[in-house]
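Shown next, in structure tokens, is the structure this report addresses.
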Amino acid sequence: MSNPTLDALVEHYPTIIASMPATFTSHQFILELARRHQRPYIEALYEYRGTGNRANSAPFQVLHGLLAKKLRAHDALVVLVRDNEPSTNIFGQSNQCALWKKLTP
């Protein structure tokens, strides 16, 4: 099932991937996507504002998870290197995420 709010961000994946270094993390990719396309990013965050229970709403975590998974569909442009790359999330917390490698055309 298609989600227009999410699709508005995913349509920019090829351009964002092209601008990334040879290897990059999901966190780096999402930050660049959000920086370049702030309005659709904010709209997507707003859409996921009610995720989780009221005491533990996690729209950033849910949206970022969905955005990272959408990278897998771009297998002509990137390949997953590993799922457990040490990284820092948008809030500056140590975490792990996927490491990606760009494919050369």
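Bear in mind that the values in this text are calculations on the coordinates, not laboratory data. The structure displayed is predicted, hence computed values, not measured ones. Every residue, glycine among them, receives a Cβ derived from its backbone with ideal geometry; neighbour counts consider all protein chains shown.
The table that follows gives values for the structure above.
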quantity	calculated
Least to most buried among 91, 60 (fewest other Cβ within 10 Å first)	91, 60
The chain, Cα convex hull volume normalised per residue, Å³	107
For the chain: relative contact order, % (alpha-carbon pairs under 8 angstrom, 6 or more apart)	30
